[in-house]
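J.: Supplied in C-alpha cells, the structure appears directly below.
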Amino acid sequence: MEEVRYAVQGHQALVTIDRPRARNALSPQVVQGLLEALSQAEADPAVRVLVLTGAGEKVFCAGGDLGQMGEGGFLATHEGRRAYAQLLSRLQGARKPTIARLNGHALAGGLGLVLACDLAVAAEHVELGTPEIDVGLFPMMVMALVQRHLGRKRALELVMTGDRLSAREALSLGLINRAVPAAELDAVVGALAAKLAGKSQAVLALGKRAFLTAEDMPFPAALEFLASQLSLNTLAEDAAEGISAFLAKRPPDWKDR
C-alpha cells in the first residue's frame with residue numbers, strides 16, 4: 001500500500017500520509033512520497049492549493065519512525081535526515097499555497113511539517129509539540145522553524161521540556177491559524193483553500209518568495225528589497241487586471257501572469 005496518497009479535488013491537491021497504524025510516522029518512503037507529491041502538485045496547472053493531512057482521526061504525524069532508525073547504516077540514516085530537511089525547505093518554498101489539515105496530533109517531525117506549510121487548521125482535540133527530548137534526542141531541524149514562529153523563551157520551553165500544546169494554545173502562539181471542532185475541520189479547510197485558489201497564483205508566489213527572503217534580512221535591507229519586489233509586482237499582468245477590475249467594480253479575471 002502506498003504510504004502517501006495523492007488526489008486532486010477541484011483546485012486542491014490533497015496529500016495524505018497513510019500510515020495510521022504507525023501513527024503516520026515519517027518513514028523514508030513517506031518523506032520521498034511527500035517530495036514526489038509536492039512536485040506533482042507544482043507541475044499540475046489545475047492545482048492551485050496543496051492540502052497536507054494524515055490518515056485517520058488521531059494523529060496528523062508523530063514524527064520520525066524510531067523503529068526504523070539506523071536501518072541501512074549511519075550514512076544512510078544521515079541522508080534520510082537530510083531528505084527530511086529538504087522536504088521542509090521544499091514545502092516552505094512551494095510556489096503554490098499550502099495548508100496543513102490537522103486531523104490529529106502533530107508531534108516532532110510532524111510539527112515541522114505543520115510549520116513549513118503556509119497555513120494550518122487544527123481540530124480542537126489536537127496536540128502539538130516536540131517530545132524528542134523525552135527519548136534523549138533534540139528536535140534539531142524542526143527547531144529552525146520553531147525559532148521563526150516563536151520568541152526565544154517560548155521556543156526554548158517547547159523544545160527543552162517536550163511539553164505538548166493544545167490546539168487553542170498553539171493558536172494563541174501563532175503556530176496555527178484556526179482551531180475548530182473536528183466536525184467543522186473539512187469545511188474550514190475547504191473555505192480557506194477556496195479563498196487562496198481565487199487569488200492570482202503569480203502574485204501569491206511572488207509575495208511568498210519575498211516574505212521568506214525578507215524574513216532573515218536586516219530591517220533596512222528588507223525594506224529596500226521589498227521596495228524592489230513591489231516594483232516588480234506592478235509589472236505583472238495580474239496587477240494591471242486587479243487594478244482595472246477594482247476601478248470597474250467587477251471580479252478580476254486572473255491570468256496567473
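The values are calculated or read from the model by the stated rules, or taken from the named source; none is laboratory data. Only a predicted model underlies this, so the values are computations on that prediction, with no experimental measurement involved. Positions of Cβ are backbone-derived with ideal geometry, glycine not excepted, and every protein chain shown enters the neighbour counts. We work out accessible area using only protein heavy atoms, side chains counted, and drop any ligands, DNA or RNA first. Shrake-Rupley method; radii C 1.70, N 1.55, O 1.52, S 1.80 Å.
J.: So if I check each of V31, V4, V47, V59, which one is modelled with pLDDT of 95 or more, under 19 Å from A193 (Cα atoms) and β-branched (V, I, T)?
T.: Step by step, each of V31, V4, V47, V59 is checked, and only V47 is modelled with pLDDT of 95 or more, under 19 Å from A193 (Cα atoms) and β-branched (V, I, T).
J.: For region 85-151, which strands (runs of 3 or more DSSP E) that fit wholly inside it have 2 or more residues that are closer than 19 Å to V31 by Cα?
T.: 98-102, 105-107
J.: If you don't mind, another one. Which one of these does P20 not meet: (1) open to solvent by 40 Å² or more (accessible area, probe 1.4 Å); (2) of a type outside the set (D, E, K, R); (3) out of contact with any Asp or Glu (no Cβ under 8 Å at 6 or more places or on another chain); (4) closer than 22 Å to L204 by Cβ?
T.: (4)
J.: Let me ask you something else. So, V126, is that one of a type outside the set (D, E, K, R) and touching a Phe, Trp or Tyr at 6+ places or on another chain (Cβ under 8 Å) or not?
T.: Answer is yes for this residue.
J.: Condition check: more than 19 Å from E132 (Cα to Cα), open to solvent by 40 Å² or more (accessible area, probe 1.4 Å), among the aliphatic types (A, V, I, L, M) and in contact with a strand residue (DSSP E or B) (Cβ under 9 Å, 6 or more places away or on another chain). Does L14 satisfy that?
T.: Yes: the conditions hold for L14.
Per-residue answers, yes or no, for (1) without any contact (Cβ under 8 Å) to a residue 12 or more places away in the chain; (2) within 21 Å of I176 (Cβ to Cβ); (3) not in a helix (DSSP H, G or I):
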residue	(1), (2), (3)
Q29	no, no, no
G33	no, no, no
A37	no, no, no
A41	no, no, no
A46	no, no, yes
L50	no, yes, yes
T53	no, yes, yes
G56	no, yes, yes
F60	no, yes, yes
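J.: Got a sec? Which of L185, L175, L158 is touching a residue at least 60 places away in the same chain (Cβ under 8 Å) and more than 16 Å from the chain's Cα centre (by Cα)?
T.: L185
J.: Still on this model: Which one is nearest to L156 (Cα to Cα), of the residues in region 167-202 that are assigned to a loop (DSSP other than H, G, I, E, B) and open to solvent by 20 Å² or more (accessible area, probe 1.4 Å)?
T.: Filtering first and then ranking leaves L173.
J.: Give me a count of the residues in region 93-127 that are open to solvent by less than 10 Å² (accessible area, probe 1.4 Å) and either touching a His at 6+ places or on another chain (Cβ under 7 Å) or at pLDDT below 95 (or both).
T.: Final tally of qualifying residues: 2.
J.: A follow-up question, please. Just the residues that are out of contact with any helix residue (DSSP H, G or I) (no Cβ under 7 Å at 6 or more places or on another chain), closer than 18 Å to L102 by Cα, aliphatic (A, V, I, L, M) and in a strand (DSSP E or B), please, taken from region 1-27.
T.: Hits for region 1-27 are A7, L14.
J.: Follow-up. Would you please name the residue that is least open to solvent (accessible area, probe 1.4 Å), looking only at residues in region 212-250 that are outside any helix (DSSP H, G or I) and under 21 Å from P97 (Cα atoms)?
T.: A236
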